[in-house]
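Q: One structure, as structure tokens, below. Some questions next.
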Ligand code: HEM
Ligand code: SF4
Ligand code: FES
């Protein structure tokens, strides 16, 4: 073996995104990350945008006028949707990462049942909750 | 779909660091025979078609953990994967991702073993004497055994790190193998090593790097469920940090039974008898 002539084979960011035929949890992992970063970006833009309020009423009204377009209403809903997903899936992660809802260790008898399969009812319940919140907030945006 | 003498296409990733600029796929044709595993196919290639192919294997029975590879986009043991279960006559076989490739399908497991060693994979007791020169026995109930037994089946095949998205970007992440084993020892009633192991696992590349993608548990060929071990380990670390979790009592040390008849202990339903009973009961998965 030629020491030092190995070829690194780490998947990199592609490894986050491409979850292939793995379970849904691996996709949620990436979505949690994506929405988390998205919310940070939104937070920065939001701080910059609202800072115009410091420059007085007129500037503020002007800036607000720029956002008075349907595109921004849609974008606002996207941010809301990202937040809903991130918060509720985050709640699931907090609970599960403390070892709850995963079941107890058991003997590995084939075909194996993993803790991921045991948390699925809880995961689907969170999923339903996410959809309910998405629909309610969509209704809120439309009327 | 599969008949004798049907030809299976093996697209195998080749790479020789001495010669090649980069990896490439090479195609081989292997005749199907009943019960053909991916490893059988690779041996066929090596013996009959191309002796220069490098791969690692030993036991051929999912025990040694040598033959892990990336087969049709997922990590599998080559010896434990029948062609029929892949439901395709074209196979794409690559080395396990998230390691370095030494040659062809052989990856460098040095980091995996170093991480395993880092978490102190052995029973730790304050009175070290009893571990080094045992004079007595530890008492452990079947329930206490169950709490860690599942994790003790790990054979260090490294498939879990190949499946893990976190290991894809953080090469210092201890990973499901080592963290699962850290829990295997921390959960053992004979062990008193959590305080010592916390130094190795309670950091940015330790338990907290795990974000529960769960792919490790899906990939593990031994049913170890490392994801479960890591979450339970997080709980232990948190309980310890907030000053709770002192409830667990250490296994007592008792003199070995001398002379008198051994008590009869009812055997729990082990894997083999239970599987046999299921087969006898007409369960067709065999
Ligand atoms: C109720 C509100 C929120 C809850 C319950 C929540 C929950 C969580 C949880 C549990 C994680 C860790 C998940 C894991 O272990 O994989 C996480 C990650 C993260 N969160 Fe939040 N979060 C909330 C709001 C926010 C907001 C408002 C932002 C941005 C300003 C944000 C940005 C992030 C980022 C960047 C990550 C890291 C993602 C990663 O490393 O994969 N979160 N969140
Ligand atoms: S936990 Fe499973 S997949 Fe990971 S090294 Fe151990 S046996 Fe292999
Ligand atoms: S050859 Fe030993 S596990 Fe496959």
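The values are calculated or read from the model by the stated rules, or taken from the named source; none is laboratory data. In this text the structure is predicted, and so the values were computed from the model without any measurement. Glycine gets a Cβ as well: all are built from the backbone with ideal geometry, and neighbour counts include every protein chain shown.
Q: Please tell me if residue B:113 is assigned to a helix (DSSP H, G or I) and within 30 Å of residue B:18 (Cα to Cα).
A: yes
Q: Related question: Return the pairs, sorted by first residue and then second, in which the second residue is modelled with pLDDT under 95 and more than 16 Å from ligand 2 (Cβ to nearest atom), the first residue lies in the range A:19-45 and is at the interface with chain B (Cβ under 8 Å from one of its Cβ atoms) and farther than 18 Å from residue A:84 by Cα, the beta carbons are less than 7 Å apart, and the residues are 6+ apart or on different chains.
A: Note: pairs meeting the criteria are A:20/B:73; A:21/B:73; A:26/A:19.
Q: A further question follows. Would you mind stating whether residue B:92 is closer than 30 Å to residue B:35 by Cβ, more than 16 Å from ligand 1 (Cβ to nearest atom), in the same structural domain as residue B:28 (by TED's automatic domain parsing) and free of Cβ contacts under 8 Å to residues at least 24 places away in the same chain?
A: no
Q: Can you name the helices (runs of 4 or more DSSP H) wholly within the range B:136-215 that have at least 1 residues being over 14 Å from residue B:237 (Cα atoms)?
A: B:142-149, B:159-163, B:165-169, B:175-186
Matching residues to (1) closer than 28 Å to residue B:61 by Cβ; (2) modelled with pLDDT of 95 or more:
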| position | (1), (2) |
| --- | --- |
| B:127 | no, no |
| B:173 | no, yes |
| B:178 | yes, yes |
| B:192 | no, no |
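Q: Let me ask you something else. Only one of these conditions is not met by residue B:119: (1) without any contact (Cβ under 8 Å) to a residue 12 or more places away in the chain; (2) touching a helix residue (DSSP H, G or I) at 6+ places or on another chain (Cβ under 9 Å); (3) surrounded by 15 or more Cβ atoms within 10 Å (Cβ to Cβ). Which number is it?
A: (1)
Q: Please list, ordered by residue number, the helices (runs of 4 or more DSSP H) wholly in the range A:46-143 having 3 or more residues that are farther than 16 Å from residue B:212 by Cβ.
A: Where helices (runs of 4 or more DSSP H) fall fully within the range A:46-143 and carry at least 3 residues being farther than 16 Å from residue B:212 by Cβ, they are A:57-66, A:70-97, A:120-142.
Q: Which residue out of B:227, B:204, B:182, B:187 is surrounded by fewer than 19 Cβ atoms within 10 Å (Cβ to Cβ) and either touching a residue at least 40 places away in the same chain (Cβ under 8 Å) or closer than 27 Å to residue A:15 by Cα (or both)?
A: The unique qualifying residue is B:204.
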